[in-house]
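Q: One structure, pasted below without further comment.
Bear in mind that the values in this text are calculations on the coordinates, not laboratory data. Since we're looking at a predicted model, the values are computed, not measured. Positions of Cβ are backbone-derived with ideal geometry, glycine not excepted, and every protein chain shown enters the neighbour counts.
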Amino acid sequence: MYLPEEWANNSRLRNKCKVPKDVRFRTKAEIGLDMVLNARKNGVPFGWVGMDCFYGEQSHLRKKLDEEGLVYIADIARDTRVWIKMPEIGIPERNGDRIPSRKRVLDGEPEPIEVQKLKDQIRDWSIVTGIQSERCSRSRSLPYESIRSRRDCQARNNGS
C-alpha cells in the first residue's frame, strides 16, 4: 500500500489512522518493483513488464529490472536523449592544468539522439502482444531498440 511521505513521517496521523509501526514510506516505483519481483517469486507467468512514462523515466527502476533479467517496455518522453549502444565512460585524459577525477562519456563517442528523431531511423518493427487470454489477444507493431538514456549513463558514472 502506498503511504504518502508526509503521513509516514507524522506520528499523529499514523496513530489516528492506526498505521502499523513497521510501515514506512516507499516510492511508487519501489512498491511496483516489489510487486513484480513477488509475482515472479510466486510463479505468476509474464513475459515482460510494461511501464508508463512515470515509471519509465526512473533510471534506477529500469536498472534494477535489467539486473533482475526482466524484459521491460517503458514509455519515455519523446525529447529524452538516448544512445542505442552504451557509450564508453571513463575519466578523460588531462587537458590543461586540471586533472579530471569524475567519470563521463569519453570524447569521440557518438552524441545521444532524441527519441523522437531515433524513431524515424528504426527499420525493424516488432509485433508485441500486449494482452493475451483465452478469449482475446491484442497486438501492436512497435519499434524495437534497446537504448540507454543520459540518466542511465549518469547513474553508471556515479557507480550506482
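Q: Restricting attention to region 19-96, which GluC sites (Glu not before Pro) occupy a DSSP loop and are surrounded by at most 13 other Cβ atoms within 10 Å? Each step should come with its number before you reach the end.
A: Numbers: sites: GLU30, GLU57, GLU67, GLU68, GLU88, GLU93; in loops: GLU57, GLU68, GLU88, GLU93.
Of the GluC sites (Glu not before Pro), the ones in loops of region 19-96 whose Cβ has at most 13 other Cβ atoms within 10 Å are GLU68, GLU88, GLU93.
Q: What are the lysines whose alpha-carbon lies under 16 Å from the alpha-carbon of LYS41, with same-chain residues fewer than 8 places away excluded?
A: LYS64
Q: For LYS117, give me every one of the lysines with a C-alpha distance below 26 angstrom, ignoring sequence neighbours fewer than eight places off in its own chain.
A: The qualifying lysines are LYS63, LYS85.
Q: If you keep only loop residues by DSSP, which trypsin sites (Lys or Arg not before Pro) in region 24-81 have at most 12 other Cβ atoms within 10 Å of their Cβ?
A: Answer by residue number: ARG24, ARG78.
Q: Where does each of CYS17, CYS53 land when they are ranked from fewest to most other beta-carbon atoms within 10 angstrom?
A: CYS17, CYS53
Q: What aspartates and glutamates does LYS119 reach when the alpha-carbon gap must be under 17 Å and sequence neighbours fewer than 8 apart in one chain are set aside?
A: ASP75, ASP79, GLU111, GLU145
Q: Now for a separate question. Based on other C-beta atoms within 10 Å, arrange SER59, SER101 from fewest to most.
A: Starting with the residue having the fewest Cβ neighbours, the order is SER101, SER59.
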